[in-house]
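Student: Here it is, the structure, as structure tokens.
We did not get these values from a lab; they are worked out from the coordinates using the rules stated. This structure is a prediction, so every number in the text was calculated from the model and none was measured. In this analysis, Cβ positions are derived from the backbone assuming ideal geometry, glycine residues included, and neighbour counts consider all displayed protein chains.
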Amino acid sequence: MKIKIMTIYVEDQEKARRFYSDVLGFTKKADFSNGGYRWLTVASPEEPNGPELQLAANANPAARTYQQALFQQGQPAALFYVDDVQSEYDRLKGLGVKFTMPVTKVTGSTIAILDDTCGNLVQIVALDGGKS
């Protein structure tokens, strides 16, 4: 069994595509529309055939409520591993990304949390010992 696709809900799929591709550096994998529905996924350029992140429209009221509740509680909707949190934080700050938590050392890792501008918080993390 493998994890192939994980979903996060976004307020605006095109805005999310731009943020996740142009700012975070992910590569668009799939982008298909059928009527009012759009299937949109991105993947890490480091693992182009690895897991994909679906950027799903939050048009479903349950999805919107879930997304908003996570955001209001300060809970990340996604977590991405990086080699160096401080370097990634500095790079993203330079691109105008808003962080809700600066680089912080916690038990076993270093983390930071950013706002994806599409209704979600995203955590970046590097495990101690570089085993991400």
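Student: Is it the case that VAL103 is surrounded by 15 or more Cβ atoms within 10 Å (Cβ to Cβ), within 21 Å of LEU127 (Cα to Cα) and over 13 Å from the mean Cα position of the chain (by Cα)?
Tutor: Working: surrounded by 15 or more Cβ atoms within 10 Å (Cβ to Cβ): yes; within 21 Å of LEU127 (Cα to Cα): yes; over 13 Å from the mean Cα position of the chain (by Cα): yes.
So VAL103 passes the test.
Student: Another question, then. If you check GLY35, GLY74, GLY25, which single one turns out to be farther than 30 Å from LYS105 by Cβ and not hydrophobic (A, V, I, L, M, F, W, C)?
Tutor: On the way: GLY74 fails: farther than 30 Å from LYS105 by Cβ; GLY25 fails: farther than 30 Å from LYS105 by Cβ.
That would be GLY35, the only listed residue that is farther than 30 Å from LYS105 by Cβ and not hydrophobic (A, V, I, L, M, F, W, C).
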